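Quick notes on the structure that follows.
The values are calculated or read from the model by the stated rules, or taken from the named source; none is laboratory data. Please read all numbers here as calculations on a predicted model, not as lab measurements. All Cβ positions, even for glycine, are placed from backbone atoms using ideal geometry, and neighbour counts span all protein chains on display. For accessibility, only protein heavy atoms count, side chains too; no ligands or nucleic acids. Shrake-Rupley method; radii C 1.70, N 1.55, O 1.52, S 1.80 Å.
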Amino acid sequence: MHPPAKGERLWVEAIAPSGEECSLLVGGLGLHELALEDALTPGHPPKYETFDGYLFLIAHTPDRDAEEGTRKIAIFLAKDWVVTMLRVPLERLDTVSARVQRDPDRYLQTPAVLAHLVLDHMTDGFEQLVEDLREEVERMEDEAYERPRKAHMEAILEQRQEAGRLARTVRSQRDVSAALFRTVHPALPKKIQPYLRDVYDHILRVHEQLEGVRDGLNAARDAYMASVNTRLNEVMRTLTVIATIMMPLGVITGVYGMNFEWMPGLHSDTGFWLVIGTMFALGAGMVAFFRWREWL
Amino acid sequence: MHPPAKGERLWVEAIAPSGEECSLLVGGLGLHELALEDALTPGHPPKYETFDGYLFLIAHTPDRDAEEGTRKIAIFLAKDWVVTMLRVPLERLDTVSARVQRDPDRYLQTPAVLAHLVLDHMTDGFEQLVEDLREEVERMEDEAYERPRKAHMEAILEQRQEAGRLARTVRSQRDVSAALFRTVHPALPKKIQPYLRDVYDHILRVHEQLEGVRDGLNAARDAYMASVNTRLNEVMRTLTVIATIMMPLGVITGVYGMNFEWMPGLHSDTGFWLVIGTMFALGAGMVAFFRWREWL
Amino acid sequence: MHPPAKGERLWVEAIAPSGEECSLLVGGLGLHELALEDALTPGHPPKYETFDGYLFLIAHTPDRDAEEGTRKIAIFLAKDWVVTMLRVPLERLDTVSARVQRDPDRYLQTPAVLAHLVLDHMTDGFEQLVEDLREEVERMEDEAYERPRKAHMEAILEQRQEAGRLARTVRSQRDVSAALFRTVHPALPKKIQPYLRDVYDHILRVHEQLEGVRDGLNAARDAYMASVNTRLNEVMRTLTVIATIMMPLGVITGVYGMNFEWMPGLHSDTGFWLVIGTMFALGAGMVAFFRWREWL
Amino acid sequence: MHPPAKGERLWVEAIAPSGEECSLLVGGLGLHELALEDALTPGHPPKYETFDGYLFLIAHTPDRDAEEGTRKIAIFLAKDWVVTMLRVPLERLDTVSARVQRDPDRYLQTPAVLAHLVLDHMTDGFEQLVEDLREEVERMEDEAYERPRKAHMEAILEQRQEAGRLARTVRSQRDVSAALFRTVHPALPKKIQPYLRDVYDHILRVHEQLEGVRDGLNAARDAYMASVNTRLNEVMRTLTVIATIMMPLGVITGVYGMNFEWMPGLHSDTGFWLVIGTMFALGAGMVAFFRWREWL
Amino acid sequence: MHPPAKGERLWVEAIAPSGEECSLLVGGLGLHELALEDALTPGHPPKYETFDGYLFLIAHTPDRDAEEGTRKIAIFLAKDWVVTMLRVPLERLDTVSARVQRDPDRYLQTPAVLAHLVLDHMTDGFEQLVEDLREEVERMEDEAYERPRKAHMEAILEQRQEAGRLARTVRSQRDVSAALFRTVHPALPKKIQPYLRDVYDHILRVHEQLEGVRDGLNAARDAYMASVNTRLNEVMRTLTVIATIMMPLGVITGVYGMNFEWMPGLHSDTGFWLVIGTMFALGAGMVAFFRWREWL
């Protein structure tokens, strides 16, 4: 393999390249071994580095199937060639391949155009994901209010950690995008810069919306905690009300259960009804008192 | 459409422009397609970008009817023309149109003057909103102290998220305003700069006051939690007091309810009254004790 | 009104100036309308701006009577004139007027000296306030430990918000002071700079001490919460102890209250005393157990 | 000891050097006494300093046996000599020694290559540790949900402090690595720079992952607290249910335990069964009510 | 007093200087009145300022007897003279005086050497203090787990505020040290710079360790809260268990305490033992149930 002849363009799409293929790339195009190593490291965070003749960057896109939650692509971009490197094929990039195959001149004439197309699709994935997350978090909040269960708390805390992980990846990718549109390099013609800045704007927006998602998760946690506390309060009020009504009644019955030979009204026919009436009056008074105190 | 002739001025007020109208703008005034795309994206955050012949900016203003809480305007500002673009007409800007129609020379001679007028009105909306928010948050706090209900907590947490969302928008708009008054560009004559700085000062102030609003919401949440805890304490004290008074009385009546043939005072006429007296004394002693411990 | 003749100096002390007076200032001294507008806006935060011939700054000083907690002064400072503008007279500045009247040459020869004197007095107000706040917060903390009441929590949260508001004002004023001693401008002769830096140092110190005040308020809140929790614990322990002692006794009396014809010891003279003895032993054992578990 | 002759290279591997040996180094290679002192201070944090003829740096690597959790190496790196200094031999660096002994030319021709190799191994240690921590924290979280015990909380809080300590060390080492790959110094030839940047990238990644570990520990703490609260709720619900069912039953039996001569149904044969039936019905009704309220 | 003649050196050690002595210093050495004022202000935070002919700095060192927790020294350092100013003698600096008296040439030849010696001793104090704090905080944490008392919480919160105050002082002193080793000034010969940087490194390390102390205090607070919660849980479980066992037993005895003429087994000799047996079985069953649920 060797750099394309003057006026020609080269796009190498390497998917899980073997060691031999890598050597070809290193030998033919002069890729730096460290960059290649990073490109092949699973889960390497977004990264940007300029070399003499080319740029090297790693970008991520969300993928629910991936262990870390995202998949990455590595791009080596020179003035007249570009290498894209993946460990597994990314469905999201199928349309890119299709478009390039339909109209290779448009995308390969300036390899940076192809690189922008790829980055744009990678970033799109984050935008969709954040949209989904926002809805999910809203649902979580509603659940936390209505019926706080331990599983909800687990889901909230789990989601919060994932949002944190995502935010770190997005932050790195944002820095990569920012560095990219600010770089002056032969591989990046001036007319591509507004497009790169557009990618940066999108990822920046994702970053801001993620902040909103995290706010939402904190709100969900607070809502859960407040719900649990409120329910505890409710339970304790019930207990207190029941005990406060029943205990004095129990003492009254206890009094007339004593075995003294003489107690007032013991031998009267109306004694029983008097005591029962007193008990009802006391109970009703208690209930009225609690209603007044807004405990019931 | 084409740029105005020398000495003439052009203001294009585009409301929900069709694709065709957009093409006219791109073709006639040289607007960049990406800027136009951002201008047409619903809810695009505040943004500022300089192009060769013109500036592009997006500014927001609060609108309770909008889904995101704010509506945006996009402004393309050149030395001798200005394009303002909206998706729906903004009531807040009606007075701007009226003023420009009454005195077009004053506002259109330098298009930046018109742009400043629009920005100023957009920013005013935030100032009014923050004022309203401060009052609302104060009311929330008072409610949380007096009568903590789950619905209050929901409102507090909801409001806190909205304040966060608002703060992010205001932060972006503040950055836009800052960039604007620091830019040196033919479209921005020197004499307009103090006015742009004034817009920046206003939005900066809104940003600071929003910090106060968030402090207030945190205080409201803490107040709610403290209120719930305090009420729980009160409830539990009541329960404890009632149980502590009633249970020993219950045991005393229980003792004299035992069926032993002989118990002290069982056959005496004063036995009953002695026991009842003891019970009253015990109960009163307990109440006195709890008052001393400040539990009642 | 017009700028003073060469070698002369002018100090305009404007208190709640009318529109007419303002026009005189704008016309005579060339004050920018926007600066004047800021100077007249109630509660405008500290601000610093340089204009061609003069500096404009707004400084605050605490005032318990003011709605926002602080009052402001606006100063327009040129090489040979100075305008100070207030909405209401500030008691704190009376001594300044007195000193200038006694020795006008010293303070007016270089108007920056007068401006420094005013700023110094404004800053002094914050130093006294912070000193007061520290003592108040310490008192709040002590109260929160000893006797946590809802009103304390309210006071703590209220104070925390006010400290936040104050910190924002002080932060702005610190930035104003920093900008001031770093500015190179004809209105600020070199020999005044150490004095301006001194003002900056003082306000910086206030800012740091405010951090301490906020730490103290957080500690007070935590203390309140811990106190409430500890008291709840205490109450619940009491309830548990009383219930754990009384309930088994209740069951014992209940057993001998059953109406079986034959129960052990029912017809014995010592049966009663045996049961009573058992009950006492059980109760004493429980108390001993709870003391051992440190619940009493 | 003296610097190597032209074209020669020198590697001094000092392990717990004596005072005499240190004097040799100071005298022979011109090491600064302060740098040497830092190199010999146990637990000195990562540090980077440039001197005229050489660079001085301290790097850490995790070691579970070390009191502070990490061990350090000090490196003095010049154009043609390098000194590595340890207090105790580090197992992790054995392979480095072995590789250098096998191929001294490759590593000693440019001493910076050796220094990079050492740094790379030191950084590797952090990567492994962070991986371990992530798994441990996940396990802690699961435990906190399932069975919250005081010992778990202790472990979480202990781990959180250690993660904080580690993060501080990693932060310092990150700054050292960043300074190193940005330094222009005769001891650092240009071709080594991508390798130094690679070390920086690795430690940066460790730093980000540590953020994730701390998020995880906060989640574990929140999970513990939520679990404890949920269990308290469960316990209190049980108590309330039992009390609410049993207390009214107790009052009913109390009523018929009163010694009035006449009570309804007292002398009827079915009276007893009627009361027992009522009690069962009441108890079952209560249980049904609680099920409906989802308390059971 | 006047600056020393060429080639001579002057060290003024002023302890609580009178107004007259201060005037001598101002007149003789040209000290700026503002610097002198700061030097004499009790508790003035660390500060650094360069004047034309000399440097002025304030440094702190911990002192348990001092009201603010630290004592300060002010140093005026010129090329050939140095003034150190204290309000009360500092024991920590006695060795400095002794060393200078034994070997005045070494320390006074370059006054910056003396200044470094003083700063080094001042910084040492912080290092010892932080070491003590770390141990104390560890002890606090252990106590919070084992036996949470209100006094512990008070101590934790108190300590946290003091650590905050200390951190602010150390932060200022770190900035002073950083500014010092970066300043190019005739009073600071080049060869002293690594020593000043060493002082900076030490205070930087203190700052980082203070972060650890604060982490520890937060952990102690969390531990206290978790302990209190866990104990509350334990108490409530006990109450619930006792109530759940005793209440049904109470109802059973209540049933047989009813005065119906006929109840099953009332006249049987074994009735009593059957009921007692049932009660024991029920109680034992409950205990088994609670053990199974891990509540006991």
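For peptide E:259-270, the mean count of partner chain Cβ atoms within 10 Å of a residue's Cβ comes to 6. Legend: calculated FRET efficiency, D:Trp273 to B:Leu282, from the Cβ-Cβ distance at R0 = 35 Å, rounded to 0.05, equals 0.40. Principal-axis analysis of the Cα atoms of chain A puts helix A:193-256 at an angle of about 10° to the longest axis. Each copy carries a label point for E:Ser268 at 7 Å from Cα toward Cβ; from one copy, the others' points are 2.5, 2.5, 4.0, 4.1 nm away, ordered from shortest.
The residue in chain A that lies nearest, by its beta carbon, to the axis linking chain A with chain E is given here with the distance in whole angstrom as A:Gly257, 4.
Rolling a 1.4 Å probe over the heavy atoms of the protein chains gives chain D an accessible area of 44 Å² per residue. Pair-distance distribution of region B:89-165: all C-alpha pairs, bin width 5 Å, starting at 0; shares per bin in whole percent are 3, 12, 17, 14, 11, 9, 8, 9, 7, 5, 3, 1. Projected label points at B:Asp175 and C:Ala151, each 7 Å from Cα along the beta carbon direction, are separated by 4.8 nanometres. I'd like the FRET efficiency for E:Lys6 and E:Thr183, computed as 1/(1 + (r/R0)^6) with the beta carbon distance as r and R0 of 25 Å, rounded to 0.05. FRET efficiency, E:Lys6 to E:Thr183: 0.55. The mean count of C-beta atoms from other chains within 10 Å of the C-beta of residues in E:217-226, rounded to a whole number, is 5. Per residue of chain A, the DSSP helices (runs of n ≥ 4 H) give a summed -39500 (n - 2.57) that works out to -22500 deg cm²/dmol at 222 nm. The D-E contact accounts for roughly 4600 square angstrom of buried accessible surface, both chains included, probe 1.4 angstrom. Placing dummy labels 7 Å off each Cα toward the beta-carbon, the span from C:Val26 to D:Trp262 is 10.0 nm. Residues E:Lys72, C:Lys191, sorted by accessible area with the largest first, give C:Lys191, E:Lys72 [1.4 Å probe; ligands and nucleic acids excluded].
Between the Cα long axis of helix C:111-146 and the first principal axis of chain C there is an angle of about 0°, rounded to the nearest 10.
Measuring nothing but how far apart in sequence close Cα pairs (under 8 Å, 6+ apart) lie, relative to its length, chain D scores a relative contact order of 16 percent. The value obtained for region E:205-296, namely the Cα convex hull volume divided by the number of residues, is 88 Å³ per residue.
Set the Cα radius of gyration of the protein assembly as shown against 2.2 N^0.38 Å, with N its number of residues, and you get 1.14. When the protein assembly as shown is described by a simple charge dipole with +1 on each Lys and Arg Cβ and -1 on each Asp and Glu Cβ, the residue from D:His2, D:Gly69, B:Ile276 located farthest towards its positive end is D:His2.
In whole percents, the pair-distance distribution calculated for chain C from its alpha-carbon pairs, binned every 10 Å from zero, is 6, 21, 21, 12, 9, 7, 6, 6, 6, 4, 3, 1, 0. DSSP bridge analysis restricted to the protein assembly as shown gives an antiparallel fraction near 75%, rounded to the nearest 5. Counting every pair of alpha carbons in region C:1-138, the share spaced more than 23 Å apart comes to 35 percent.
Note on region D:23-90: Kirkwood hydrodynamic radius from all Cα pairs is 12.4 Å, rounded to one decimal. Taking each of A:Lys79/D:Lys191; C:Lys191/E:Lys191; D:Lys47/E:Lys190; A:Lys79/B:Lys79; B:Lys190/C:Lys72; C:Lys6/C:Lys72 in turn, the alpha-carbon distance tops 26 angstrom for C:Lys191/E:Lys191; A:Lys79/B:Lys79; B:Lys190/C:Lys72; C:Lys6/C:Lys72.
Summary for B:Gly285: label point 7 Å along Cα→Cβ; distances to the equivalent points in the other copies, ascending, 2.4, 2.5, 4.0, 4.0 nm.
In this assembly of identical copies, the label point of A:Thr50 (Cα plus 7 Å along Cα-to-Cβ) is separated from its counterparts by 2.0, 2.1, 3.3, 3.3 nm, sorted shortest first.
Determine, from the Cβ-Cβ distance of C:Gln128 and E:Asp124 and an R0 of 41 Å, the FRET efficiency 1/(1 + (r/R0)^6), rounded to the nearest 0.05. For R0 = 41 Å, the calculated efficiency reads 0.70. For region B:1-41 versus region B:166-217, the spacing of their alpha-carbon centroids is 26 Å. Under the criterion of Cα pairs below 8 Å and six or more residues apart, the relative contact order for region D:55-172 equals 20 percent.
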